[in-house]
Ligand SMILES: NC(=O)c1ccc[n+]([C@@H]2O[C@H](COP(=O)([O-])OP(=O)(O)OC[C@H]3O[C@@H](n4cnc5c(N)ncnc54)[C@H](OP(=O)(O)O)[C@@H]3O)[C@@H](O)[C@H]2O)c1
């Protein structure tokens, strides 16, 4: 079992703490956010303390701060050369991390989502992917990437989650207009997509297109939908937005 510390105890730290605590690791977290840290102490018995004490008592340190405040917080802390650092912060580059956390030199940058707590969250990893795999696999598969640009592209793909939720919300709202039953409309729309995806085989490229083409055959409603989205330039908009998000992350490096 490892001694694991969290700097920044907010939305994304909490589910990781819960997952790692369930594995028996010894966990300390910074007191901010006080509501979240107090809840984790009550629920899991984690240690709540100041940031330097978290660093001092940890072998592995998670950095879970908002990017805009990360430099100010981290440059006040003293790290050790033997520590391993896991950053989940978008737009804080490997070079910045190396400067801010020196003399620590063992890093991995990743992109967790909150459902990691339940398992099934792919973790893109740039850096020490073995460290991440040791902590989160087999429940959450680690997907290694070769450079920081690729990691940033994965951050952009993560933004597709709220994008897709937004599209689904529009579909559910449209269905509600037809049926008058908002709860049933949202249940149906959500269960349809999640049920379909949960049974789909993953891991082989081309699978998405194969499943699409199996549905969208000549004369079907499915083909009317895929054609309509293509001709309405939905895919062009998606690509342009992914590129814009990727560029935004790159300019921060
Ligand atoms: N949310 C996600 O799903 C998600 C997914 C992947 C990656 N990330 C990344 O994770 C990072 C954190 O995101 P988040 O959504 O978890 O944000 P968040 O909920 O705002 O968490 C940030 C935490 O940092 C704390 N903090 C602020 N100043 C501090 C200080 N001086 N010392 C110690 N802690 C301090 C905040 O406490 P106060 O509330 O008291 O200010 C808060 O608990 C971001 O870099 C983001 O890119 C988030």
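The values are calculated or read from the model by the stated rules, or taken from the named source; none is laboratory data. On a predicted model such as this, the values are computed, not experimentally measured, just so you know. Backbone-built Cβ (ideal geometry, glycine too); neighbour counts: all protein chains shown.
Listed values, structure above:
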| item | result |
| --- | --- |
| Filter result for the condition that a residue is in the same structural domain as residue 11 (by TED's automatic domain parsing), over 23 Å from residue 20 (Cα atoms), more than 14 Å from the chain's Cα centre (by Cα) and exposed (fewer than 14 other Cβ atoms within 10 Å of the Cβ), over 96, 68 | 68 |
| Failed condition for residue 154, given (1) in contact with a helix residue (DSSP H, G or I) (Cβ under 9 Å, 6 or more places away or on another chain); (2) at pLDDT 95 or above; (3) buried (at least 18 other Cβ atoms within 10 Å of the Cβ) | (1) |
| Number of positions in segment 69-83 that are more than 9 Å from the ligand (Cβ to nearest atom) and either farther than 13 Å from residue 97 by Cβ or in a loop (DSSP other than H, G, I, E, B) (or both) | 8 |
| Those helices (runs of 4 or more DSSP H) lying entirely in segment 114-204 with at least 2 residues under 27 Å from residue 44 (Cβ atoms) | 129-136 |
| Odd one out for residue 137, checked against (1) assigned by TED's automatic domain parsing to the domain that holds residue 22; (2) crowded, with 19+ Cβ neighbours inside 10 Å | (2) |
| Scope segment 40-51; condition surrounded by 14 or more Cβ atoms within 10 Å (Cβ to Cβ) and either more than 8 Å from the ligand (Cβ to nearest atom) or not in a helix (DSSP H, G or I) (or both); matching residues | 40, 41, 44, 46, 47, 48, 49 |
| Every residue from segment 19-34 that is modelled with pLDDT of 95 or more, within 8 Å of the ligand (Cβ to nearest atom) and outside any strand (DSSP E or B) | 31, 34 |
| Residue tally, condition assigned to a strand (DSSP E or B) and surrounded by fewer than 21 Cβ atoms within 10 Å (Cβ to Cβ), over segment 99-113 | 2 |
| Yes/no for residue 42 being farther than 23 Å from residue 118 by Cα and in the same structural domain as residue 88 (by TED's automatic domain parsing) | no |
| Only one of 82, 129 that is in contact with a strand residue (DSSP E or B) (Cβ under 6 Å, 6 or more places away or on another chain) and in contact (Cβ under 8 Å) with a residue 12 or more places away in the chain | 129 |
| Number of the condition not met by residue 62 [criteria: (1) over 23 Å from residue 142 (Cβ atoms); (2) not in a loop (DSSP other than H, G, I, E, B)] | (1) |
